1. Would you confirm whether any residue within the range 119-130 is within 12 Å of the ligand (Cβ to nearest atom), over 11 Å from the mean Cα position of the chain (by Cα) and either in contact (Cβ under 8 Å) with a residue 40 or more places away in the chain or not in a loop (DSSP other than H, G, I, E, B) (or both)?
2. Filter the range 173-196 down to residues that are among the polar types (S, T, N, Q) and not in a loop (DSSP other than H, G, I, E, B) and give me whichever is farthest from the chain's Cα centre (by Cα).
3. Can you spot a residue in the range 94-103 that is within 16 Å of the ligand (Cβ to nearest atom), more than 21 Å from G33 (Cα to Cα), assigned to a helix (DSSP H, G or I) and touching a strand residue (DSSP E or B) at 6+ places or on another chain (Cβ under 7 Å)?
4. Out of (1) acidic (D, E); (2) farther than 20 Å from G194 by Cβ; (3) crowded, with 24+ Cβ neighbours inside 10 Å, what's the single condition that is false for D64?
5. Quick check on my filter: what residues within the range 90-141 are buried (at least 17 other Cβ atoms within 10 Å of the Cβ) and of a type in the set (S, T, Y)?
6. Looking for whichever is within 16 Å of the ligand (Cβ to nearest atom), part of a loop (DSSP other than H, G, I, E, B), small (G, A, S) and modelled with pLDDT of 95 or more here; the options are G45, G59, G24, G116. Which one fits?
7. Looking at the range 43-59, which of its residues are buried (at least 23 other Cβ atoms within 10 Å of the Cβ) and out of contact with any His (no Cβ under 9 Å at 6 or more places or on another chain)?
Amino acid sequence: MPRIVDLGDSSERLRDVSLIIGEGLCSNIYVLGRRGALIVDTGVGNSLNPVWPQLHRLGVRGEDIVGVALTHAHHDHVGGVLRILERATPRVYIHRLDATYIASSLGPLLYKVDDGDIIEAGPWPLRVIWTPGHTRGSICLYSEEMRLLLSGDTVFPGGHYGRYDGETGSREDIVNSLRRLASLDVEVMLPGHGTPVLEEGWRHIRQAYLKASNYSP
Ligand SMILES: [Zn+2]
């Protein structure tokens, strides 16, 4: 059974921000807000990760979900969007370069985004930062006001960073993306897998950038 972590228990600023931790190969699912909720990544959407039981426990119903943002089109992050669309009609945001992989399942709900776009769904606006490398159309989402970064599979805690050996991955791109992220003021980092970082997220990002840029195969 997927577990729910209420991030508001650790930090007042993160009230009504929750994490659903998936079972097996499944991304983290972040639920930002309750009425007028934005969901960031949706998990794999298989029978072990059906999404709705957890959303209902959080008090989020279909009509409450105004947006779903997908950090990239890998199936462990996007499979759950089809579950969500069974009971909700949110806008689904994904970078235009990863959109082609899921466009046919989303129809008119698809909103292609690009670097610098602002996603207004959810409790605070989030700026799209295009961070290719893990996939060509990977994005991170940033709130300057909250000093918060949703980092997808680009950066993980402890100076780890995403794999770049997939079909559309690129080592050069991920190093450039990490360099860009390292210039942001980030306290809270919410990664696509693993444990959220609630303090000094910037340290983890800089460490990842240094590691990636010094790596020689
Ligand atoms: Zn991935």
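The values are calculated or read from the model by the stated rules, or taken from the named source; none is laboratory data. Because the structure is a prediction, the values reported are computed rather than measured. Cβ placement follows ideal geometry from the backbone for every residue including glycine, while neighbour counts extend to all protein chains displayed.
1. First, pick out the residues of the range 119-130 that are within 12 Å of the ligand (Cβ to nearest atom): none.
Within the range 119-130 (the criterion being within 12 Å of the ligand (Cβ to nearest atom), over 11 Å from the mean Cα position of the chain (by Cα) and either in contact (Cβ under 8 Å) with a residue 40 or more places away in the chain or not in a loop (DSSP other than H, G, I, E, B) (or both)), the answer is no, since none of the residues qualifies.
2. So in the range 173-196, the residues among the polar types (S, T, N, Q) come out as 176-177, 183, 195.
So of that shortlist, the ones also not in a loop (DSSP other than H, G, I, E, B) come out as 176-177.
Details: N176: 19, S177: 15 Å.
Within the range 173-196, the match that is farthest from the chain's Cα centre (by Cα) is N176.
3. For the range 94-103, residues within 16 Å of the ligand (Cβ to nearest atom), more than 21 Å from G33 (Cα to Cα), assigned to a helix (DSSP H, G or I) and touching a strand residue (DSSP E or B) at 6+ places or on another chain (Cβ under 7 Å): present.
4. Evaluating D64 over (1) acidic (D, E); (2) farther than 20 Å from G194 by Cβ; (3) crowded, with 24+ Cβ neighbours inside 10 Å leaves (3) as the failure.
5. Answer for the range 90-141, where residues must be buried (at least 17 other Cβ atoms within 10 Å of the Cβ) and of a type in the set (S, T, Y): Y93, Y101, Y111, T131, T135, S138.
6. Working: G59 fails: within 16 Å of the ligand (Cβ to nearest atom); G24 fails: modelled with pLDDT of 95 or more; G116 fails: within 16 Å of the ligand (Cβ to nearest atom).
Step by step, each of G45, G59, G24, G116 is checked, and only G45 is within 16 Å of the ligand (Cβ to nearest atom), part of a loop (DSSP other than H, G, I, E, B), small (G, A, S) and modelled with pLDDT of 95 or more.
7. N49, V51, L55
The rows are residues; the columns are (1) surrounded by 19 or more Cβ atoms within 10 Å (Cβ to Cβ); (2) within 25 Å of G22 (Cα to Cα); (3) within 13 Å of the ligand (Cβ to nearest atom); (4) aromatic (F, W, Y).
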{"position": "G158", "(1), (2), (3), (4)": "no, yes, no, no"}
{"position": "G169", "(1), (2), (3), (4)": "no, yes, yes, no"}
{"position": "N176", "(1), (2), (3), (4)": "no, no, no, no"}
{"position": "M189", "(1), (2), (3), (4)": "yes, yes, no, no"}
{"position": "H193", "(1), (2), (3), (4)": "yes, yes, yes, no"}
{"position": "E199", "(1), (2), (3), (4)": "no, yes, no, no"}
{"position": "Y209", "(1), (2), (3), (4)": "yes, no, no, yes"}
